[in-house]
1. Any residue at all in segment 232-244 that is out of contact with any Lys or Arg (no Cβ under 7 Å at 6 or more places or on another chain) and within 16 Å of ligand 2 (Cβ to nearest atom)?
2. Restricting attention to segment 82-99, report how many residues are without any contact (Cβ under 8 Å) to a residue 60 or more places away in the chain and either within 15 Å of ligand 2 (Cβ to nearest atom) or in contact with a helix residue (DSSP H, G or I) (Cβ under 7 Å, 6 or more places away or on another chain) (or both).
3. Identify all residues within segment 63-94 that are more than 12 Å from ligand 1 (Cβ to nearest atom), open to solvent by 30 Å² or more (accessible area, probe 1.4 Å) and in a loop (DSSP other than H, G, I, E, B); write none if there are none.
4. Exactly one condition in (1) in contact (Cβ under 8 Å) with a residue 24 or more places away in the chain; (2) open to solvent by less than 50 Å² (accessible area, probe 1.4 Å) is false for Gly238; which is it?
5. Filter segment 1-52 down to residues that are part of a strand (DSSP E or B) and free of Cβ contacts under 8 Å to residues at least 40 places away in the same chain and give me whichever is nearest to the chain's Cα centre (by Cα).
6. So, in segment 1-45, of the ones that are small (Gly, Ala, Ser) and open to solvent by 40 Å² or more (accessible area, probe 1.4 Å), which residue ends up nearest to Phe112 (Cα to Cα)?
7. Within the bounds of segment 251-265, is there any residue that is in a strand (DSSP E or B), of a type in the set (D, E, K, R), in the same structural domain as Met203 (by TED's automatic domain parsing) and within 16 Å of ligand 2 (Cβ to nearest atom)?
8. Hey, could you check segment 120-145 for residues that are within 17 Å of the chain's Cα centre (by Cα) and β-branched (Val, Ile, Thr) and say which is nearest to ligand 1 (Cβ to nearest atom)?
Amino acid sequence: MILETLKTSSRLLLATHIRPDGDAIGSLLALGRGLASLGKEVTLFNESAIPAIFRFLPGMDEIVSEPGDFQAYDALVVLDCSDISRIGQVAERLPQDLSVLNIDHHITNTGFGTQQWVEPKSSSTGEMIYHLLGDLGVGIDQAMAYAIYTAILTDTGSFLFQNTTPDSLTICGEMAAKGVDTYKVAQHLFATYSLGRLKLLNMVLETIEISDNGKLSVMYLTQEMLKETETDVDDINGLVNYAKYIEDVRVAVLIQEARTPLDDEGRYHVSLRSNGPVDVGSIAASYGGGGHPGAAAFTAFATLKEVKKEVMRISESL
Ligand code: 5GP
Ligand code: MN
């Protein structure tokens, strides 16, 4: 169904989630370029600023932060979003009659849109896009290969997470054979820490607390810390993982004070990471958020003290 709609549409708007990660950006670029190679008019949209670490990917300057008139499109393709609101404020002004194609791998996907293709077993949306491009008859070129490789690499935590499958490894091998310089990707994504980012990491590590039963660790990050270390939201990516590296910890949490003026005061983004069998996706969903069994997040409106207390309560059921 989705395949047919893509084939018959000539003007397509592609969108992905705010605070985009490698999978969001990679899926957007790969599908965008693939559809363009079939002669379609494609607009790539993301409401947030794109993290600097992804700027090396071919085609990045084609991503716009304003989609323009929706009447100009035959369909909107939403990538890597569990919920339509994840595309940002623009979700509120979508016309009722706009055809929305939902392509995603979150188990918590709400099933929004006119047509859905959700594969919770897929490591990443990028991996789904690889198969979709094959079905569309698109020959994957080097630029698409960079995008797909980055999507899979980042969503599998460099093949360390439980969502890593033979398929994800095979596809990445194939992308490398198509000319992806895997060392270059690694350098851009993981070896470009600023001194400020390391200082921020140091500050965040200082805040670590472990639950009484030792199964949950929680850290926090404030706007003040960002200011003091001259860092920004780009530098937060991945910090939560450090809370996972503690023996016996099953769930690691990073509470992040949301940014003003976009966000109200007393608003926190709570990132959860699982270190084993615990499904943090359903924990996040119970707080109104979502994600995957291994990585999820939700938003909390309270004081930092209250949020910490609530998070500690999660440890009781671990
Ligand atoms: P992070 O902790 O890196 O912000 O997000 C972890 C995972 O949870 C990602 O896969 C992301 O797609 C999902 N996620 C993050 N924030 C939200 C949210 O507010 N709502 C939902 N449904 N999912 C989220
Ligand atoms: Mn993803």
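The values are calculated or read from the model by the stated rules, or taken from the named source; none is laboratory data. Computed from a prediction, not measured in an experiment: that's the story for all the values here. Here the Cβ positions follow ideal geometry from the backbone for every residue, glycine too, while neighbour counts run over all protein chains shown. Surface accessibility is based on the protein's heavy atoms, side chains included, excluding ligands, DNA and RNA. Shrake-Rupley method; radii C 1.70, N 1.55, O 1.52, S 1.80 Å.
1. Among the residues of segment 232-244, at least one is out of contact with any Lys or Arg (no Cβ under 7 Å at 6 or more places or on another chain) and within 16 Å of ligand 2 (Cβ to nearest atom), which makes the answer yes.
2. The total comes to 6.
3. Ser65, Glu66, Gly68, Asp69, Tyr73, Asp74, Leu94
4. (1)
5. That would be Leu44.
6. Looking only at segment 1-45, we keep the residues that are small (Gly, Ala, Ser), and these are 9-10, 15, 22, 24, 26-27, 30, 32, 34, 36-37, 39.
Pick out the ones that are also open to solvent by 40 Å² or more (accessible area, probe 1.4 Å) and you get 10, 36-37, 39.
Working: Ser10: 22, Ala36: 25, Ser37: 28, Gly39: 28 Å.
That would be Ser10.
7. To start, the set of residues in segment 251-265 that are in a strand (DSSP E or B) comprises 251-257.
Restricting the remaining residues to those that are of a type in the set (D, E, K, R) gives 257.
After this cut, where a residue has to be in the same structural domain as Met203 (by TED's automatic domain parsing) as well, the list is 257.
Checking which are within 16 Å of ligand 2 (Cβ to nearest atom) leaves us with none.
So far as segment 251-265 goes, no, none of its residues is in a strand (DSSP E or B), of a type in the set (D, E, K, R), in the same structural domain as Met203 (by TED's automatic domain parsing) and within 16 Å of ligand 2 (Cβ to nearest atom).
8. Thr125
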